Amino acid sequence: MTGHMTGSMANFTTYVNHGQNVIASKAFNKKDANTVSQIAQRASFKLMAKAYRSFGGLLRKNFTDKVETESAYNVFMRINLPEAIDKSGISPVIDYSKLQVSQGGLPQPTVTTAVAGATGITVSYKTNLGIADISASDQVVAFGKTTEGELIIARQVRGSDPLSTVLIPYPNISAADVQCCYLVIMSEDGTQVSDSTFVQVV
């Protein structure tokens, strides 16, 4: 008598399923998608996505252990959420000391000191040439961000001296101007990297 029923009216929805008319009622109370934890999760995701973009294209080659179908962005988000988010305050913030900006199979660098001064940030490190998979021709990549969001970077060959330094040029920078700083080792051909090492600048 009624034929095929489709559409909705008031609190009811009608549709056809296997030739039968079905009348269903809509939910009275929709699930609230704005709980405190959900809001914090969305805020954390936005924070981390913004952090990735703030490094420009620098991180695209910094995740060499990923599967071929996974992007550097996806790896960055996966390994840093929620581990690098500090939720102890009113709003979530990034804990840069826990943020991983590279992930790979090369041994991590050993940083001894990092000092901000008249010429920039001088990072001292051990070359660790006695460790397997380490080569004097590896690249040392030192980079960070200022509190104003500027990206600062320096690259050099690891070298063969037991101790070495790399200077990130930035005249008259102070430790208070540095939001974060990291040291990463990259193979000469750029196909392998180390996990990043957070550098505490003084």
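Which distance in nm do the two modelled labels at residue 13 and residue 136 give, with both placed 7 Å along the Cα-to-Cβ direction?
Modelled inter-label distance: 7.1 nm.
Between residue 118 and residue 58, take the C-beta separation as r, use R0 = 25 Å, and let me know the FRET efficiency to the nearest 0.05.
The computed FRET efficiency comes out at 0.50.
With each label point set 7 Å from Cα along the Cα-Cβ vector, what nm distance links residue 97 and residue 192?
The modelled label-to-label distance comes out at 3.1 nm.
Which of the aspartates and glutamates could be linked to residue 87 by a straight reach, that is with a Cα gap under 17 Å, when you skip same-chain ones fewer than 8 residues away?
Partners within reach: 95.
Would you kindly calculate the translational diffusion coefficient of the range 36-198, applying Stokes-Einstein with the Kirkwood radius from alpha carbon pairs, for 10 °C and a viscosity of 1.306 mPa s, and quote it in µm² s⁻¹ without decimals?
96 µm²/s
Could you tell me the center-to-center distance, by alpha carbons, between the range 45-114 and the range 123-202 in angstrom?
16 Å
Restricting to DSSP loop positions (anything but H, G, I, E, B) with no more than 15 other Cβ atoms inside 10 Å of their own Cβ, which trypsin sites (Lys or Arg not before Pro) remain in the range 94-202?
Those satisfying the criteria are 98.
Using Cα pairs closer than 8 Å and at least 6 residues apart in sequence, work out the relative contact order for the range 36-198, in percent.
Computed value for the range 36-198: 24 percent relative contact order.
We did not get these values from a lab; they are worked out from the coordinates using the rules stated. Fair warning: this is a prediction, and the values are worked out from it, not measured in the lab. No Cβ is skipped: glycine too gets one built from the backbone with ideal geometry, and neighbour counts run over all protein chains shown.
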